[in-house]
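Here's the structure, in structure tokens; my notes come after.
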Amino acid sequence: MASAGAPIARPLDVRWIHGSPSAKHNTDPDIQVHEYDEHTVILRQNKAIHYEAPFLFLLFGAERAVLIDTGATTEAEYFPLRATVDGLVAKWLARNPRPGGDYPLLVLHTHAHRDHVAGDGQFADRPSTTVVGADLPTAWAYFGFDRDAEATARVDLGGGRVLKCLATPGHHEAAVTYYDPWTGFLLTGDTVYPGRLYINDWPAFGRTVERLVAFTESHPVTYVLGCHIEMTRDPG
Ligand SMILES: [Zn+2]
């Protein structure tokens, strides 16, 4: 699955679930699963379970998968993230068998706000799984941003799918933006999304946006995907 040329933008005309007038009579799934392509899944938490309804991303490579963020709700009963991910991994492995070898899962985060890390505990006892803490000391040490905040870190999923990761503080001090060359996605977390942005540190946010703009000049981006979309009371 080496991605030699520029990524091609596939259609992303999915209708995201938008909750129900009454959470009691909620008819949406707990987690909406959108398979963007055979190796890329976009997940969305149900708004009736948690109003933040964050997006999560599951990316498959030849050697391992990465889950970016774990959602806003801790309890698997209301937010069965582990079961959903396990099902998607099993489905992927059925299509892409790995004789004899295990298939590790890496859990990373866009930042440490509660609505992006709450499901971490569901992965604590998962075999072949590494959960990298989203807090600044842990995440920065993992990416090497503690030594060089301007560095571009790499997360190799195998088969040529190597994510590029940038420290992008501003919304949150430990915010990370991920670029996936396979899809051309720029996963901006809560740093950039279509809605009201909450900025904690304006000077840092300004530098972050300048760095992201410069980054996109040398990396083909198909979609800038944040972790939220702003919704109104009106359907659609
Ligand atoms: Zn946030």
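The values are calculated or read from the model by the stated rules, or taken from the named source; none is laboratory data. Bear in mind the structure is a predicted one, so any value in this text is a computation, not a measurement. Note that each Cβ is placed from the backbone with ideal geometry, even for glycine, and that neighbours are counted across all protein chains shown. Just the protein is used for accessible areas: all its heavy atoms, side chains included, with ligands, DNA and RNA removed. Shrake-Rupley method; radii C 1.70, N 1.55, O 1.52, S 1.80 Å.
Taking every DSSP beta bridge that has both ends in region 29-226, the antiparallel portion is near 70%. For the chain, a simple Cβ point-charge model (Lys and Arg +1, Asp and Glu -1, everything else neutral) yields a dipole of about 380 debye relative to the Cα centre. Translational diffusion coefficient, Stokes-Einstein: compute it for region 36-96 using the Kirkwood radius over C-alpha pairs as Rh, at 10 °C and 1.306 mPa s, and state it as an integer in µm² s⁻¹. For these conditions, the coefficient is 130 µm²/s. Sorting the segments 45-52, 141-148, 98-105 by their residues' average number of neighbouring beta-carbon atoms within 10 angstrom, most packed first, yields 45-52, 141-148, 98-105. Using a probe radius of 1.4 angstrom, the carbon and sulfur fraction of the accessible surface of the chain is 53%. As an equivalent ellipsoid, region 99-236 spans semi-axes of 24, 19, 17 angstrom, where each value is the square root of five times an eigenvalue of the C-alpha gyration tensor, largest first.
Kirkwood Rh, Cα Rg: Rg to Rh for the chain?
0.94
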